[in-house]
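Taking it in order: structure first as structure tokens, then the write-up.
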Amino acid sequence: MLVVMNQGATGAQVDDVVKKLEHLKFKVNRVDGVIHTVLAGVGPADNLDPADFEAMGGVKECHLIVSPYKLAARAFRPEGTVITVGKVAIGGTEVIAMGGPCSVENKDQIERAAGIVADAGGKVLRGGAFKPRSSPYSFQGMGEEGLQIMRAAADKYGLMVISEVMDSSQIPLMVQYVDILQIGARNMQNFNLLKDLGRIAKPVLLKRGIAATIEEVLLSAEYVMAGGNQEVILCERGIRTFETFTRNTMDISAIPVLKSLSHLPVVADPSHGVGKRSLVLPMALASVAAGADGVLVEVHHDPDRAASDGAQTLKPEQFQDMMAKMKLVASAVGRSL
Ligand code: PEP
Ligand code: MN
């Protein structure tokens, strides 16, 4: 149930609607927009008539939201959500570039990555300190030391930090060092992790699972939001199909679909989407053209020696070239970079 209040509705009128929703056993989420206050009631939808709310003082309109996700639905915040991380606004007119290696390997590597990202106009440094590897014998990440290295390098270059949280037990540590917590594709439906991330006051970037439908992605976002954390960034990172030429199939169409179904910012990860560095540039450009609010890519000073995902990791000059070309595409679609 979504109740949009009139411009200038009084506090008492808003309170009346909240009370009525609560009486009907709805959990009420309130958004005070620039013009309208919107009340989203999440709860039982049986036998409700929007007209009962529309008759109340100060109410502009009321809709029953039939989609299985509610807080993530575009109708909840039609103007779209901008998530602010330090000085970086994700979901506004600027397309945000996030870059860095797949894994944090050592201090020198991360300092170089931060320099490459910042010099080319990127705003967020990525790097995994806890790595979800398909094989238990592959490099598993540097843990806390890796987070410390990321934080120091990002601060030196004026960048924000994004890193993956694999397990709820890591959350208290991660929030000390990281600005955005990444939920990996393999964890998209780890509902306990999603619930625990719903209780923190930092943005999360939710990657689409390798076999997840768009509705499932939005339901996972809903888990985080229902816990109270409204700052969710969605990420298309490719899905598994019958095609084997690319590591995954980068679903560019998911970008405008997610943007239309949800108010949440959408970021594209073409590195994991294709798995080959030569294909990252065209997919990054296509993502921006399709309306992505940001691009998350892997870049390393010497990707052929990277500890993980080297084949899909850009060389520094490729990252610079991608940034220059993304700027052109961004301006063609009314955005900046
Ligand atoms: C990563 O970002 O390095 C990563 C492991 O991503 P994904 O969860 O999309 O596979
Ligand atoms: Mn990777």
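Taken together, the values in this text are just the output of simple stated rules run on the coordinates, not laboratory data. Keep in mind that what you see is a predicted model, and the values were worked out from it rather than measured. Note: ideal-geometry Cβ built from the backbone for every residue, glycine included; neighbour counts use all protein chains shown.
What FRET efficiency comes out for the pair Val31/Ser134, r = Cβ-Cβ distance, R0 = 45 Å, nearest 0.05?
Between Val31 and Ser134 the formula returns 0.65.
When DSSP assigns beta bridges and you keep just the ones with both residues in the stretch 197-272, what percent turn out antiparallel, to the nearest 5?
Within the stretch 197-272, antiparallel bridges account for around 10 percent of the total.
Suppose R0 equals 51 Å; then what is the FRET efficiency for Glu22 and Asp155 from their Cβ-Cβ distance, rounded to the nearest 0.05?
It comes to 0.70.
Report the trypsin sites (Lys or Arg not before Pro) located in the stretch 1-42 that are in a DSSP loop and have at most 11 other Cβ atoms inside 10 Å of their Cβ, or state none.
Loop-located and lightly packed - Lys25.
Would you report the distance distribution of C-alpha pairs in the chain as whole percents per 20 angstrom bin, up to the bin with the largest distance?
Spelled out per bin, shortest first, that is 32, 53, 15, 0.
Lys25: which aspartates and glutamates have alpha carbons under 14 Å from its alpha carbon, excluding same-chain residues fewer than 8 sequence positions away?
Asp46
Counting DSSP beta bridges in the chain, what percent are antiparallel, to the nearest 5?
The antiparallel proportion sits near 40 percent.
Show the residues, 5+ positions off or on another chain, whose built amide H is closer than 5 Å to the amide H of Val59.
Correct list: Asn6.
So between Ser260 and Arg199, what do we pick up on full extension, going 0.36 nm a residue minus the alpha carbon distance?
19.3 nm
Describe numerically, in nm with one decimal, the distance between label points set 7 Å from Cα along Cα→Cβ at Phe191 and at Arg240.
2.2 nm
Can you spot the lysines whose alpha carbon is less than 25 Å from Lys327's alpha carbon? Ignore those fewer than 8 places along the same chain.
Lys327 reaches Lys87, Lys123, Lys156, Lys207, Lys259, Lys276, Lys315.
Leaving out same-chain residues fewer than 8 places away, which lysines sit with a Cα under 26 Å from that of Lys20?
Partners found: Lys60, Lys70.
Students often check this: by mean Cβ neighbours within 10 Å, which of 134-143, 171-180, 4-13 ranks highest, and how do the rest follow? Please list the in-between numbers first.
On the way: 134-143: 13.0, 171-180: 17.3, 4-13: 14.8.
Peptide ranking by packing, descending: 171-180, 4-13, 134-143.
Along the Cα-to-Cβ line of Ser253, 7 Å from the Cα, sits a label point; which residues in the stretch 201-230 have backbone N less than 20 Å from it?
Hits in the stretch 201-230 for Ser253 at 20 Å: 208-219.
For Leu234, what charge total do you get from the other residues with a beta carbon under 15 Å from its beta carbon, if Lys and Arg give +1 and Asp and Glu give -1?
In short, -2.
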